[in-house]
Amino acid sequence: MSVKLSVVIMVFLPFLVLYLPYVLSNNNFSNINLPPEHLPYYFTAFPEVADQCRKDPECSFKNYTNIVKYWGYEFGHNWGEPQYSIPDCPGDHKGWVKTKLDQLKTFYIQGDFGFVKQQLQEMKVLCEPVFPDDSILECSNHLRYCRGRNIMINFTRLIERKEPIRYKMDVLSEGDIVGHCTLKKEEFEVQTDHISALQSWGPELRFFTEIPQRPIHDGLCDIVIEKPTYIMKIDAINMYHHFCDFLNLYASLHLNQHSETFSTDVYILIWETFTYHSAFEAAWQAFTEHPLWDLKTFKGETVCFKNVVFPLLPRMIFGLYYNTPIIYGCKKSGLFHAFSKHILHRLQIPIHKRANGKIRVTLLSRDTKYRRILNEKELLESVKDDESIEVKRVVYNRDISFKEQLEITANSDVLVGVHGAGLTHLLFLPDWAAVFEIYNCEDANCYADLSRLRGLHYVTWRDKDKLKSESDGTYEGGAHAKFVNYSFDKQEFKELLKEASDYVRSHPKFKGFIADARDEQRRDEL
């Protein structure tokens with residue numbers, strides 16, 4: 001055994017001692033609640049669970065245990081071997097990178113499972129244990145993602161805080177987060193360079209302190225949390241921002257690289273004192289079966305976490321997806337695709353079979369003050385005689401539950417709407433779908449890039465002479481395209497909608513979806 005390998009085993013031995021007995025004794029395979037298409041990747045990643053399933057007569061997943069498929073971030077996996085997806089880069093690579101392969105790999109690292117692999121390659125132990133019941137802290141560069149064991153956090157000072165806590169960088173101070181391990185001080189200080197509320201865990205972990213006592217063993221804790229806990233700093237401004245939180249949490253599950261990483265028997269602690277309320281609250285059900293915690297939960301207590309994860313954050317520099325730089329000419333991230341399928345599966349969103357082949361168009365109508373379509377009725381009237389499409393107008397507000405919204409979206413072929421957070425629903429469209437952002441309101445990249453990451457066709461308004469903006473004069477910030485309402489030329493609207501619909505109609509996956517439904521219909525008739 002090489003010296004390097006022995007060091008790696010020594011570093012991770014405490015985790016193995018902690019987790020391995022549970023994994024080998026766990027025969028409840030019904031807890032593996034993943035989309036069927038994700039099961040081969042899961043069993044390839046965890047061969048000991050696959051072997052257990054093959055030997056267990058009650059395991060219903062045997063058909064998935066012998067199919068070798070890789071997410072793409074596994075150590076030892078090489079580009080081109082079976083992996084979840086390869087980016088689609090038909091565009092010219094010249095002027096951006098030297099070769100087509102460089103173009104593919106650049107996109108893969110920027111916004112796909114290559115980003116996960118990069119974080120894994122960066123992981124380093126910053127506070128090193130000696131014995132299995134010691135603490136440990138390991139992080140990727142800049143403290144973007146961290147995980148630890150037997151970590152104590154002191155929340156007693158929160159009693160003195162009168163103002164609400166959100167986006168604060170002074171929640172902890174020296175000695176408020178500690179562990180019994182050997183802290184690599186110089187290396188640790190190098191990593192505390194991204195000190196910003198939602199960019200890294202630097203504002204909190206910079207105060208990590210090595211102590212001589214073992215927090216749990218020596219009784220330093222008022223509360224001991226046995227189950228794994230995810231501590232989250234969230235950006236829940238609207239759907240676009242909040243789903244940065246959920247996507248990064250999903251990517252962090254992959255970073256854990258443990259067979260129980262997809263379990264919902266975990267806790268989530270939101271790093272603020274505001275009681276969480278959101279129209280998208282149902283999305284948490286994809287990650288936890290327990291009520292959410294916030295900082296009020298542990299106000300005045302010292303809390304020890306046996307296993308704690310500090311996930312990837314929504315506004316990391318070159319992160320996912322708020323600050324993702326996307327190379328020209330590429331689309332289709334496997335990470336975004338897997339996230340979409342994971343959410344729809346976990347929330348049990350039904351996909352309706354249909355054999356008539358009509359294109360389902362969903363128009364997102366806004367009931368907000370700005371960016372409303374003033375001649376919306378006229379536009380809808382202009383396409384009502386087109387028998388090849390079915391148009392549905394919806395208003396995604398609090399009158400319709402988030403799960404109902406997802407059901408409409410997931411069964412749409414073309415999503416239409418003016419620039420706004422509601423277009424984030426595009427994440428949950430079928431693989432063959434098109435996004436028609438009627439007007440991007442001078443924010444050209446936002447939903448065009450999100451469509452690219454999801455692998456969807458994107459269309460937007462091209463001729464500004466064929467739209468009219470109307471201001472009510474109440475916005476005092478000066479002229480801006482996001483603070484007015486619009487009327488659109490109906491003929492141009494029809495042509496752009498046709499372009500989007502034609503793309504869907506010619507997509508092989510759409511053709512297969514309709515053909516399968518027709519075959520099933522014929523079998524039922526027989």
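The values are calculated or read from the model by the stated rules, or taken from the named source; none is laboratory data. Since the model is a prediction, treat every value here as computed from it, not as a measurement. Neighbour counts are summed over all protein chains in view; Cβ atoms, including those assigned to glycine, are modelled from backbone coordinates with ideal geometry. Areas reflect the complete protein model, heavy atoms only, side chains present, ligands, DNA and RNA absent. Shrake-Rupley method; radii C 1.70, N 1.55, O 1.52, S 1.80 Å.
Residue 43 falls short of the stated requirement of being of a type in the set (Phe, Trp, Tyr), modelled with pLDDT under 95 and either open to solvent by less than 30 Å² (accessible area, probe 1.4 Å) or outside any helix (DSSP H, G or I) (or both). What about residue 210, is it within 30 Å of residue 326 (Cα to Cα), modelled with pLDDT of 95 or more, among the acidic types (Asp, Glu) and open to solvent by 10 Å² or more (accessible area, probe 1.4 Å)? For residue 210, the condition - within 30 Å of residue 326 (Cα to Cα), modelled with pLDDT of 95 or more, among the acidic types (Asp, Glu) and open to solvent by 10 Å² or more (accessible area, probe 1.4 Å) - is not met. Where strands (runs of 3 or more DSSP E) fall entirely within segment 186-233, those with at least 2 residues that are over 18 Å from residue 245 (Cα atoms) and of a type in the set (A, V, I, L, M) are at 223-225.
Here the condition is being crowded, with 18+ Cβ neighbours inside 10 Å, in contact with an Asp or Glu (Cβ under 7 Å, 6 or more places away or on another chain) and either at pLDDT 95 or above or not hydroxyl-bearing (Ser, Thr, Tyr) (or both); of 70, 84, it holds for 70 alone. Which residues, counting only those in segment 364-387, are in contact with a helix residue (DSSP H, G or I) (Cβ under 7 Å, 6 or more places away or on another chain) and either under 20 Å from residue 430 (Cβ atoms) or part of a helix (DSSP H, G or I) (or both)? Correct list: 364, 378, 379, 382, 383. Of all residues in segment 471-506, which are at pLDDT below 90 and of a type in the set (D, E, K, R)? If the condition is that a residue be at pLDDT below 90 and of a type in the set (D, E, K, R), then 472, 476 are the ones that fit.
The residues of segment 144-179 that are modelled with pLDDT under 95, on the phi < 0 side of the Ramachandran plot and in contact with a strand residue (DSSP E or B) (Cβ under 8 Å, 6 or more places away or on another chain) amount to a single one, 174. Within segment 323-349, the set of residues being within 19 Å of residue 406 (Cα to Cα) and not aliphatic (A, V, I, L, M) comprises 336, 337, 339, 340, 341, 342, 345, 346, 348. Residues in segment 114-124: is at least one assigned to a loop (DSSP other than H, G, I, E, B), among the polar types (S, T, N, Q), free of Cβ contacts under 8 Å to residues at least 60 places away in the same chain and open to solvent by 30 Å² or more (accessible area, probe 1.4 Å)? No: segment 114-124 contains no residue that is assigned to a loop (DSSP other than H, G, I, E, B), among the polar types (S, T, N, Q), free of Cβ contacts under 8 Å to residues at least 60 places away in the same chain and open to solvent by 30 Å² or more (accessible area, probe 1.4 Å).
When 134, 92 are checked against the criterion of being open to solvent by 40 Å² or more (accessible area, probe 1.4 Å) and more than 23 Å from the chain's Cα centre (by Cα), a single residue qualifies: 92.
For segment 313-363, enumerate the residues that are outside any loop (DSSP other than H, G, I, E, B), touching a residue at least 60 places away in the same chain (Cβ under 8 Å) and either more than 14 Å from residue 108 (Cβ to Cβ) or open to solvent by 10 Å² or more (accessible area, probe 1.4 Å) (or both). If the condition is that a residue be outside any loop (DSSP other than H, G, I, E, B), touching a residue at least 60 places away in the same chain (Cβ under 8 Å) and either more than 14 Å from residue 108 (Cβ to Cβ) or open to solvent by 10 Å² or more (accessible area, probe 1.4 Å) (or both), then 331, 337, 339, 340, 341, 342, 343, 344, 345, 346, 359, 361 are the ones that fit. Flag set for residue 233, criterion: basic (Lys, Arg), touching a Leu at 6+ places or on another chain (Cβ under 9 Å) and open to solvent by less than 50 Å² (accessible area, probe 1.4 Å).
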